[in-house]
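The structure appears right after this line, and notes come after that.
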Amino acid sequence: MANLFSIPQYIFSGENALQMSGQHIKSYGKKALIVTDDMMVKLGNVQKLTDTLDEIGVSYVIYSGINSEPTHSMIDEGVDIYKKEKCEFLIGIGGGSPMDSMKAIGAVVTNGGSITEYMGKVIEHSLPPTIAIPTTAGTGSEATKVSIITNTNTNVKMLLNDPKLMANIAIVDPVFTVTAPPAVTAATGVDALTHAIEAYTSLKAFSMSDIYAVSAIKRIFDNIYEVYSNGSNLQARREMAIASLEAGIAFSNASVTIVHGMSRPIGAMFHVPHGLSNAMLLKVCLPYIKPGATARLNHLAKEIGVYRQGMTADEGADAFVVATIALLRTLNIQTPAEFGISRDEFFQAIPKMSSDALASGSPGNTRRVPNQEEIEELYRKLWY
Ligand SMILES: NC(=O)c1ccc[n+]([C@@H]2O[C@H](COP(=O)([O-])OP(=O)(O)OC[C@H]3O[C@@H](n4cnc5c(N)ncnc54)[C@H](O)[C@@H]3O)[C@@H](O)[C@H]2O)c1
Ligand SMILES: [Fe+2]
C-alpha cells in the first residue's frame, strides 16, 4: 500500500529561527496579517515578529482576537480584516489557537463561504502563503494539515483536514515556549504525547509516520516533567519543541484516534482546554486500546526503557500503559470535577458527545474500534 507523507515546505528550528527565516518571509508579499492573541502581544512575542518584519521591509496588520480556542466568529472577523487591509499572506503566532485560526482565515479568503461549512470539506483552492510560529509545545499545528474551529451555533469542534492547510513555513524557536506557565506546559505537552501515541497506534500508521511518533514519545518521556517543574530549562524546552513538531508531523500523516475523537466534544461542550481534555482521556483510553494495539505498545515500552527481559508482549504493553499513567500523575492533571464541570451536566451530555466523537471519524482509526456504547462508558469512567 502506498502512502503520502507531507510536511511544511520549510522548517526553521532552534534559537533565532525567526530571524533566519526573514528572506523566505519576504518572498511571500508586502503585507502580512498577523493572527495572534493578547497574551502574545503582552509577552512581547509579537514585537519580536514585527521587529523582523520591519527589518525586511514587510508591512503588517495585527489581529489579536484569538483569546480562547477559536470560534467561527473569530474567523469571520479575521477574514474581514485580511480583505479590508489587502493583505497578501498570513502569519500565525501563538499556541494552536492562533495557528489554527490563521489557517482557517486563509482557507476562507481563497475559497469563500463561511468557515461553518468547512467540516469534512475538500479545500479546492490553495491558501495564501502561511507561516506558523508555535509558542506552546504543543499542538504541532505548525506542521499539520489540520485546523480545529468551534462552530458555536452547533457546539461542535469542527475538524478541518486538508493538505492545503499545511503551512508553507514552520518557525520553531523554543525560546517562545519558555514563558508558558506549568499548567499550560503540562496540558500542551500531553497533547503532543497523545498525538504521538495515537499516530503510532493508528490503523493508518506507516513507516514514515512511525519514525516521527517514536522519536516524539521518547523525547516527551525524557523532558515533560522537567519543563513542567522547571520551565526555564531551555535544553528541555528545546527537546519539547522538537517533540511537538515531530508528533504533529506523525499524526498529520497517520491521523489521531479515540482520544482526540472524544476530546473535541468535551472542549466544545465544557470549554476544557484541548490539552487538558486529552490528558484526562488518555488514562482511560490507553487501557481500552491495549487489546488491539498490544504489539505496538510493547514496542513503545522497549523504546522508553520500561520493558524488562522476558516480558510477554502483553506485559510489555501493560508496562507502557502504566508508565504513561504514572507520568500523567506527576503532572497534576485536573479531573473534570476539579476543572469545575458539573457531573450531572456531563452525564447528560454523554450521548451527544459520543455521537459527535464517532461522527468526527477519528475513533474509527483506533486499532480497537469503539462503538457508541463503549465511548459512552469511557466518558463515564472519567468520573470513577
Ligand atoms: N491543528 C492541529 O493540528 C491541532 C492539534 C492539536 C490541537 N489543536 C487545537 O489547538 C488549540 C489549542 O492550542 P494550545 O493548546 O496550544 O493552546 P492555546 O493556543 O489556546 O493557548 C492556551 C493559553 O496559553 C497561552 N500561551 C500560549 N503560549 C504561551 C507562552 N509561550 N507563554 C505564556 N502563555 C502562553 C495562550 O495565550 C492561551 O491563554 C485547540 O483549539 C485545539 O483543538 C490543533
Ligand atoms: Fe491535539
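A few notes on this one:
- Residue match in region 97-111 (condition: within 9 Å of ligand 1 (Cβ to nearest atom) and of a type in the set (A, V, I, L, M)): yes
- Within region 2-75, helices (runs of 4 or more DSSP H) holding 1 or more residues that are at pLDDT 95 or above, within 12 Å of ligand 1 (Cβ to nearest atom) and within 22 Å of VAL146 (Cβ to Cβ): 38-43
- Residue match in region 108-122 (condition: assigned to a helix (DSSP H, G or I), of a type in the set (Phe, Trp, Tyr), at negative phi and in contact with a helix residue (DSSP H, G or I) (Cβ under 9 Å, 6 or more places away or on another chain)): no
- Residues satisfying the stated conditions in region 267-298, i.e. closer than 16 Å to VAL190 by Cβ and touching a Pro at 6+ places or on another chain (Cβ under 8 Å): GLY267, VAL272, MET280
- Looking at THR335, THR330, THR366, just one residue is in contact with a helix residue (DSSP H, G or I) (Cβ under 6 Å, 6 or more places away or on another chain), over 12 Å from GLY261 (Cβ atoms) and of a type in the set (Ser, Thr, Tyr), and that residue is THR330.
- Test: residue in region 257-280 that is within 13 Å of ligand 2 (Cβ to nearest atom) and at positive phi: no
- Close pairs (8 angstrom Cβ cut-off, 6 or more residues apart or separate chains): among the β-branched types (Val, Ile, Thr) in region 278-289, within 16 Å of ligand 2 (Cβ to nearest atom) anywhere: ILE289/THR201; ILE289/THR257; ILE289/ILE258; ILE289/THR366
- Whenever a residue of region 227-254 is at negative phi and assigned to a helix (DSSP H, G or I), its partners that are acidic (Asp, Glu) and more than 16 Å from ligand 2 (Cβ to nearest atom), lying with C-beta atoms within less than 7 angstrom and at least six residues away or across chains, give the pairs ALA236/GLU226; GLU239/ASP222.
- Any hit, region 229-241, residues being at pLDDT 95 or above and under 15 Å from the mean Cα position of the chain (by Cα): yes
- Each residue in region 159-173 was checked for being surrounded by fewer than 24 Cβ atoms within 10 Å (Cβ to Cβ) and not in a loop (DSSP other than H, G, I, E, B), and 7 pass.
- Filter pass, ALA205 being within 16 Å of ligand 2 (Cβ to nearest atom) and on the phi < 0 side of the Ramachandran plot: no
- Summed over region 146-163, the residues that are of a type in the set (D, E, K, R) and within 16 Å of ligand 2 (Cβ to nearest atom) give a count of 1.
- Members of region 110-145 that are within 16 Å of ligand 2 (Cβ to nearest atom), modelled with pLDDT of 95 or more and surrounded by 24 or more Cβ atoms within 10 Å (Cβ to Cβ): ALA132, PRO134, THR135, THR136, ALA137, THR139, GLY140, SER141, GLU142, ALA143, THR144
The values are calculated or read from the model by the stated rules, or taken from the named source; none is laboratory data. No experiment lies behind these values; they were computed from the predicted model shown. Don't worry about glycine lacking a Cβ; one is built from the backbone with ideal geometry, like all the others, and counts go over all protein chains shown.
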